[in-house]
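S.K.: Here it is, the structure, as structure tokens.
The values are calculated or read from the model by the stated rules, or taken from the named source; none is laboratory data. All of these numbers come straight from a predicted model, not from anything done at the bench. Virtual Cβ from ideal backbone geometry, glycine too; neighbours counted across all protein chains shown.
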């Protein structure tokens with residue numbers, strides 16, 4: 001009888017421990033709502049719109065210059081057409097780039113000895129109530145295109161998007 005109880009207890013313990021599973025992974029926080037946490041990109045730049053309410057073009061232009069120049073060197077400016085493009089700047093691969101598989105224009109997977117670079121393009125479309133923000137990402141030293149972007153709160157491009165929207169939307 002004692003052996004039977006022990007065997008039954010052992011069997012119940014095995015069944016219960018076999019039914020236990022690891023907790024589901026915690027989802028990554030999202031940087032910009034409406035976009036997935038990992039954005040696969042097959043053609044660079046990746047374009048995202050920044051809605052604005054300001055009707056004052058000079059204010060919009062100055063705000064974009066202020067925000068962007070705090071984070072990257074500006075390479076091209078054309079106020080008449082509303083075009084701004086930054087120089088390439090180093091970024092932390094773990095917070096900026098989504099790299100899995102090979103896709104796009106010679107995209108590659110990041111390895112431990114690679115770093116990343118990004119540059120940003122802005123097209124002010126005042127009459128449409130938006131700024132188009134283009135993001136380009138590449139892996140270094142190979143200069144191959146990354147496979148995508150990470151849409152998390154501390155991604156550099158998300159910070160620029162949020163600050164521009166915060167400054168140019170009346171709340």
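S.K.: Restricting the search to the stretch 43-58, which residues are touching a helix residue (DSSP H, G or I) at 6+ places or on another chain (Cβ under 8 Å) and without any contact (Cβ under 8 Å) to a residue 24 or more places away in the chain?
M.R.: Going through the stretch 43-58, the residues touching a helix residue (DSSP H, G or I) at 6+ places or on another chain (Cβ under 8 Å) turn out to be 48, 50-55, 57.
Across the stretch 43-58, there are no qualifying residues.
S.K.: What's the total number of residues in the stretch 55-76 that are closer than 19 Å to residue 163 by Cβ and either at pLDDT below 80 or assigned to a strand (DSSP E or B) (or both)?
M.R.: 1
S.K.: Given the condition outside any loop (DSSP other than H, G, I, E, B), out of contact with any helix residue (DSSP H, G or I) (no Cβ under 9 Å at 6 or more places or on another chain), under 22 Å from residue 160 (Cβ atoms) and at pLDDT 95 or above, answer yes or no: does some residue in the stretch 93-109 qualify?
M.R.: If we filter the stretch 93-109 for residues that are outside any loop (DSSP other than H, G, I, E, B), which is where we start, we get 93-98.
Narrowing further to those that are out of contact with any helix residue (DSSP H, G or I) (no Cβ under 9 Å at 6 or more places or on another chain): 93-94, 97-98.
From what's left, under 22 Å from residue 160 (Cβ atoms): 93-94, 97-98.
From what's left, at pLDDT 95 or above: none.
Checking the stretch 93-109: not a single residue is outside any loop (DSSP other than H, G, I, E, B), out of contact with any helix residue (DSSP H, G or I) (no Cβ under 9 Å at 6 or more places or on another chain), under 22 Å from residue 160 (Cβ atoms) and at pLDDT 95 or above.
S.K.: Residues of the stretch 135-171 being surrounded by fewer than 21 Cβ atoms within 10 Å (Cβ to Cβ) and under 14 Å from residue 50 (Cβ atoms), which ones?
M.R.: Across the stretch 135-171, the qualifying residues are 159, 162, 163, 165, 166, 167, 169.
S.K.: Give the stretch 135-171 a look and list any residue that's assigned to a loop (DSSP other than H, G, I, E, B) and either closer than 20 Å to residue 73 by Cα or without any contact (Cβ under 8 Å) to a residue 60 or more places away in the chain (or both), or say none.
M.R.: Going residue by residue through the stretch 135-171, those that are assigned to a loop (DSSP other than H, G, I, E, B) are 141-143, 146-147, 151-155, 169-171.
Matches in the stretch 135-171: 141, 142, 143, 154, 155, 171.
S.K.: Still on this model: Can you tell me how many residues within the stretch 77-91 are in contact with a strand residue (DSSP E or B) (Cβ under 9 Å, 6 or more places away or on another chain) and either outside any loop (DSSP other than H, G, I, E, B) or loosely packed, with under 12 Cβ neighbours inside 10 Å (or both)?
M.R.: Within the stretch 77-91, residues that are in contact with a strand residue (DSSP E or B) (Cβ under 9 Å, 6 or more places away or on another chain) and either outside any loop (DSSP other than H, G, I, E, B) or loosely packed, with under 12 Cβ neighbours inside 10 Å (or both) number 10.
S.K.: Which of the numbered conditions does residue 24 fail, given that it passes all the others? Conditions: (1) surrounded by 12 or more Cβ atoms within 10 Å (Cβ to Cβ); (2) at pLDDT below 90; (3) out of contact with any strand residue (DSSP E or B) (no Cβ under 6 Å at 6 or more places or on another chain).
M.R.: Result: residue 24 passes all but (1).
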